[in-house]
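The values are calculated or read from the model by the stated rules, or taken from the named source; none is laboratory data. Keep in mind that what you see is a predicted model, and the values were worked out from it rather than measured. Cβ atoms come from the backbone with ideal geometry, glycine included; neighbour counts cover every protein chain shown. Accessible surface areas use protein heavy atoms only, side chains included; no ligands, DNA or RNA. Shrake-Rupley method; radii C 1.70, N 1.55, O 1.52, S 1.80 Å.
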Amino acid sequence: MSATGNDDDAVDVSVVIPAHNCRAYLDRCLTSALVQRVKKELIVVDDGSTDGSGELLDLYATYHKDSVKVVHIDGSGGAGRPRNVGIEHATGRYVFFCDADDYLGPEALERMVAMADRNGSDIVLGKIVGHGRRAPVSMFQQSADRVGLGDSNVYNSLCCFKLFRRELLERHDIRFGEGMLVGEDIVFTVHAYCHAAVISVVADYDCYHLVSRPDGSSIMQQKGSRDPLAWLAMIRQPIQLMAEHVEPGPLRDHLLRRHFRLDAFAQLGAVFLESDDVRRKDIAREVAALCDEWYTPGVHELLNSIDRQRATALGDIDRLVRLARIESATVRRRLTGLRWDGDRLVVTGSARLDGISRDDGLAVVLRARHDPATELVIPAERKGGEFTVRVDVAALASGIWDLRVAVELEGVVRFGRLGGERDSGINLPPARLIDGVVALPYFTRDNGNLSIDVGGHVVAVPGTVRLIRTRWALGHRLLIDGEVSVVGTAPAASAVKRIVWRERRTGCERTERVLALPGGGFAARVAVGWLPPGTWDAYLELDLGGPPARFRIETDAETVAAPRRWWWGAALLRTVRPYATSGKGRLSTVVRRLTARTIIRRIMR
């Protein structure tokens with residue numbers, strides 16, 4: 001059944017699968033494509049297989065005549081030629097490329113086609129997950145109907161495992177590079193990005209599963225597939241292709257940043273250290289040639305500290321080696337102390353680069369999780385091998401702040417999250433109210449790293465709300481007096497906002513005004529007699545600098561006023577029974593309406 005479209009016979013997606021000696025993986029791959037709930041065709045191009053893959057594919061084509069088409073070609077030595085053959089045979093509105101050792105999530109094409117049809121997308125990126133292989137991450141932080149090349153990370157992903165509008169490919173003659181061991185999909189994807197009017201992202205579903213072969217037989221797992229000199233020679237073609245379509249300026253600089261960071265300067269890292277002196281000179285020379293042609297001040301400003309240093313050191317092999325060693329060194333850090341000093345959080349610890357005995361400076365950086373571009377840098381005080389920083393928590397905006405240690409050496413700054421490694425005797429300091437805002441240091445659940453929750457966004461705020469007395473007043477209202485304490489102290493009167501009644505079954509809420517009193521007291525005249533039928537739980541809501549903080553109102557049976565009932569007119573009895581819940585003793589109210597007929601029926605049972 002077609003997910004969209006007016007013609008029931010129209011193919012939604014042509015799934016192009018190049019196959020070369022991958023018989024062991026074909027069943028999983030083809031099955032994952034066949035179960036997709038879109039009108040699809042599978043075009044499998046057998047690229048000269050000798051392991052029985054071709055015979056198995058013919059069997060699939062026999063049993064799935066309407067869905068599977070197999071094309072046999074002589075071995076080409078790469079994926080570019082079979083993918084281009086697949087495009088020539090495609091008839092779908094969209095084309096999706098899938099390698100034979102990978103597989104699709106059951107709803108992948110359905111979700112991507114829906115996204116494309118809703119937005120008129122030319123390219124849809126579906127979330128990729130790796131199994132023994134690294135998968136791109138930065139562009140899959142959230143789904144998006146439309147993203148731009150210049151204000152997103154989509155260009156970081158230049159693999160072809162995406163949904164492409166076939167008309168886009170045909171109109172601009174977008175094809176894979178042929179005769180290339182690696183990089184053929186980079187040429188293709190760069191060209192497609194340059195012509196795409198609408199690019200969308202599906203990030204909330206695992207669309208594509210990238211698999212590492214246990215025997216290491218895939219092209220990308222073979223030794224030499226990422227030879228630095230071959231890669232630097234290959235990357236010239238897509239860079240030139242991009243530059244032909246994108247004028248000089250901020251957008252081109254943004255795209256070039258990707259190529260320098262992930263393609264060029266990446267060859268000056270671990271692979272550079274593994275090379276001999278002659279090969280290091282060759283690598284540096286090729287990177288320098290790319291810089292001479294494409295490196296601009298705009299690109300320089302977009303790069304991180306180590307790549308900026310590399311750009312100025314391409315004629316100094318010894319310095320490039322030192323930079324590579326700094327980059328590869330593990331940041332050894334340990335949290336040794338954590339305490340409050342007034343309204344400042346005092347953090348002590350140790351940090352160094354593994355295998356390197358010196359540094360040029362050390363700081364602790366607080367990064368806002370909701371806005372990673374917002375940082376607070378606190379230079380560390382040094383004494384012996386230990387550092388100390390004092391965090392002025394009052395200066396932090398509401399949100400979650402993650403703490404990282406920053407070690408600087410030769411103009412390069414290396415970071416490491418702080419707190420996962422810590423002394424056994426360290427206890428979290430208690431939450432604290434600072435100028436009416438609650439601050440809660442905590443260790444993250446996954447890795448035990450240190451963060452500060454300013455405002456109570458993810459950490460429960462410690463506090464108690466307790467009734468002192470209750471009594472009925474005119475208008476079937478319940479008068480209540482109580483007291484509230486947050487992190488062991490009375491909050492400001494301005495923090496106490498309202499009482500919230502929440503119906504236990506439906507989640508329906510009603511709010512009541514509350515009078516805040518000095519010293520943490522409060523009073524309210526709540527209209528429980530006017531609540532609809534149901535069981536209602538009572539909360540006091542406070543503003544502590546973040547999302548509204550709610551606390552269940554605690555009480556006991558002796559403090560709660562007796563039930564009240566009254567007739568509405570001559571035929572409707574209304575009952576309201578405040579009570580203290582069993583166990584922790586929290587204020588709730590049961591409201592009922594009974595007609596005269598219902599009462600008579602109960603009496604006559």
Task: Nonlocal amide H pairs with Arg498, under 5 Å, H built at 1.01 Å - done: Glu541
- [ ] Once you have the Cα-Cα distance between Val129 and Glu244, take 0.36 nm times their residue separation minus that, and quote the gain in nm to one decimal.
- [x] 38.2 nm
Open item on the list: Above 40 Å lies some portion of the pair distances; for the chain, what is it as a whole percent of all C-alpha pairs?
Closed with: 51 percent
- [ ] Output the antiparallel fraction of DSSP beta bridges having both residues in region 450-597, as a percent to the nearest 5.
- [x] 95 percent
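Stretched out fully, how many nm does the piece from His72 to Arg325 gain, at 0.36 nm a residue minus the Cα gap?
Difference between extended and current length: 86.3 nm.
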Open item on the list: Can you compute 3J(HN,Hα) from phi for each residue in region 286-302, using the Karplus curve 6.51 cos²θ - 1.76 cosθ + 1.60 with θ = phi - 60°, rounded to whole Hz and x for Gly and Pro?
Closed with: 5, 5, 4, 5, 5, 5, 4, 8, 10, 6, 10, x, x, 5, 4, 5, 8
Task: Acute angle (nearest 10 degrees) that the helix 23-34 long axis makes with the longest principal axis of the chain, alpha-carbon atoms - done: 50 degrees
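May I ask you to list the trypsin sites (Lys or Arg not before Pro) in region 253-330 that are in a DSSP loop and have at most 14 other Cβ atoms within 10 Å of their Cβ?
The qualifying sites: there are none.
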Task: Table column - 3J(HN,Hα) (Hz), region 577-590, Karplus curve with 6.51, -1.76, 1.60, x for Gly and Pro - done: 10, x, 7, 9, 5, 5, x, 7, x, 10, 6, 9, 9, 9
Task: Mean residue ellipticity (222 nm) of the chain, computed from DSSP H runs ≥ 4 via -39,500 (n - 2.57), nearest 500 - done: -7000 deg cm²/dmol
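Please arrange Asp402, Asp12, Asp206 by accessible surface area, largest first, computed with a 1.4 Å probe and ligands excluded.
Solvent-accessible surface, decreasing: Asp206, Asp402, Asp12.
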Task: Rounded Å value of the spacing that divides the Cα centres of region 345-369 and region 371-419 - done: 7 Å
TODO: List nothing, just return the count: lysine pairs in the chain, 8 or more apart or interchain, with Cα separation under 26 Å.
DONE: 13
Task: Cα long-axis angle, helix 228-245 against the chain (0 to 90 degrees, to the nearest 10) - done: 70 degrees
TODO: Work out how far the C-alpha atoms of region 225-319 reach from end to end along every principal axis, then list the three figures in whole Å, largest first.
DONE: 39, 27, 18
TODO: For Leu273 and Ala230, calculate 0.36 nm times their separation in residues minus their Cα-Cα distance, and state this gained length in nm to one decimal.
DONE: 13.8 nm
TODO: Only Lys, Arg, Asp and Glu count, each charged at its Cβ (+1, +1, -1, -1), so figure out the dipole size of region 86-218 about its Cα centre, rounded to 20 debye.
DONE: 240 debye
Task: Acute angle (nearest 10 degrees) that the helix 317-328 long axis makes with the longest principal axis of the chain, alpha-carbon atoms - done: 40 degrees
TODO: Could you let me know the centre-to-centre spacing of region 521-591 and region 34-85, using Cα atoms, in angstrom?
DONE: 67 Å
TODO: Place a +1 charge on the Cβ of each Lys and Arg in the chain and a -1 charge on the Cβ of each Asp and Glu, then give the dipole magnitude about the Cα centre in debye, rounded to the nearest 20.
DONE: 4540 debye
Open item on the list: I'd like the trypsin sites (Lys or Arg not before Pro) in region 488-545 restricted to DSSP loop residues with at most 14 other Cβ atoms within 10 Å, sorted by number.
Closed with: Arg504, Arg505
Open item on the list: I'd like to know which of His195, Ala562, Leu232 lies farthest towards the positive end of the charge dipole of the chain, counting +1 on Cβ of Lys and Arg and -1 on Cβ of Asp and Glu.
Closed with: Ala562
- [ ] Convert each backbone phi in region 128-145 into a coupling constant with the Karplus relation 6.51 cos²θ - 1.76 cosθ + 1.60 (shift: θ = phi - 60°), then list the ³J(HN,Hα) values in order as whole Hz, x for Gly and Pro.
- [x] 10, 10, x, 10, x, 9, 6, 10, x, 10, 4, 8, 10, 6, 7, 5, 8, 5
Task: Sparsely packed trypsin sites (Lys or Arg not before Pro) within region 411-486, loop by DSSP, other Cβ within 10 Å at most 10 - done: Arg445
Task: Percent of beta bridges antiparallel (DSSP, the chain, rounded to nearest 5) - done: 80 percent
